[in-house]
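What follows draws every value from the coordinates through simple rules; no lab data is involved. The shown structure was predicted, so the numbers you read here are calculated from the model rather than taken from an experiment. Using ideal geometry, Cβ is built from the backbone for each residue, glycine included, and neighbour counts are taken over all protein chains shown.
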Amino acid sequence: MKKAAAEDMRKRGRPTGDERAARREQILDAAIDLFLESGYGGVTLDGLAAKARVTKRTIYAYVGDKAAVFEAVVSRLSQQVLPDRRSDGLEALAVRLVMTLHSDTAISLHRMVIAESAQFPELAAGFYASGPERYMARLSELIAENVPDSEATAEQLFALLLGEPHRRRLLGLEPAPTRARAEALARAAVRAMGLDH
């Protein structure tokens, strides 16, 4: 009886860290669906609250306004590429970049940003800062010991990792790469930049 009462008290009290994290993920999952269905301009916090089955107040408390929600969506995607561990080698990071940035979700978000960036320039700026800018910074860190101008080299490598396959993905001309194809693209890009040693 005491255990049930304690659980009821906890449910009425502050959520645990795990519960907060799960609720935030629930909001971001709903946000991705809505952004891809309706575009950035077509999403409202009322609509997001209804889809995520939370209140607007909860969205503000857990994430923020609509711009913050979109940035959180892009940041969550970038966490797939840049997990907390920093012991990865260059090729492992390159493969994750190809797998993630050529994925259906990333391509759909990229298309949406391009379509709506004229009306919402802050959207494009946030997308770039939370995604490509962070990826190039990590690439630069990994090659800094061996390359004099690591920032410029990282930018060139990043461009190779996207390249024509990414353009074809944006245009809907080919499917997301398999793991084997992503590894081949990553290896070829690293080799082309002379960073495969």
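Treating only the Cβ atoms of Lys and Arg (+1) and Asp and Glu (-1) as charged, compute the dipole magnitude of the chain about its Cα centre; round to the nearest 20 debye.
Charge dipole of the chain: 1040 debye, to the nearest 20.
Add +1 for every Lys or Arg and -1 for every Asp or Glu among the other residues with Cβ under 15 Å from the Cβ of residue 158, and state the total.
Once all neighbours under 15 Å are counted, the net charge is -3.
Evaluate the relative contact order of the chain (contact order divided by residue number), counting alpha-carbon pairs under 8 angstrom at least 6 apart; express in whole percent.
Averaging sequence separation for qualifying contacts and normalising by length gives 21 percent for the chain.
In nm², what is the average projected area of the convex hull enclosing the Cα atoms of the range 84-197?
7.4
With +1 on the Cβ of every Lys and Arg and -1 on the Cβ of every Asp and Glu, and nothing else charged, how large is the dipole of the range 58-148 about its Cα centre, in debye rounded to the nearest 20?
Roughly 140 debye, rounded to the nearest 20.
Picking from 110, 68, 131, whose Cα lies most toward the positive end of the charge dipole for the chain (charges on Cβ: Lys, Arg +1; Asp, Glu -1)?
The one lying farthest along the dipole's positive direction is 68.
Give, rounded to the nearest 20 debye, the magnitude of the charge dipole that the range 132-197 has about its Cα centre when Lys and Arg contribute +1 at Cβ and Asp and Glu contribute -1 at Cβ.
Value, rounded to 20: 440 debye.
At 7 Å along Cα-to-Cβ for each site, give me the label-to-label distance between residue 57 and residue 128 in nm.
About 3.9 nm separates the two model spin labels.
Work out how far the C-alpha atoms of the chain reach from end to end along every principal axis, then list the three figures in whole Å, largest first.
On the principal axes, the chain reaches 65, 41, 29 Å in Cα extent.
What's the FRET efficiency of residue 88 with residue 14 using the Cβ-Cβ distance as r and R₀ = 25 Å, to the nearest 0.05?
0.10
What nm value, rounded to one decimal, do you get for the distance between residue 21 and residue 164 when each label is placed 7 Å out toward the C-beta?
4.3
Please report the net charge: other residues with Cβ closer than 11 Å to the Cβ of residue 81, K and R +1, D and E -1.
Charge balance near residue 81 sits at +3.
May I ask for the net charge around residue 91, where only other residues with Cβ less than 14 Å from the Cβ of residue 91 are counted and Lys, Arg are +1 while Asp, Glu are -1?
+2
Run the helix sum for the chain: -39,500 (n - 2.57) per DSSP H stretch of 4+ residues, divided by residue count, reported at 222 nm to the nearest 500 deg cm²/dmol.
-23500 deg cm²/dmol
Could you give the nm distance between label points at residue 137 and residue 80, where each point is 7 Å from its Cα heading toward the beta carbon?
It is 2.1 nm.
Projected onto the charge dipole of the range 66-172 (+1 at Lys/Arg Cβ, -1 at Asp/Glu Cβ, origin at the Cα centre), which of 172, 77, 94 gives the Cα projection farthest towards the positive end?
Selected residue: 172.
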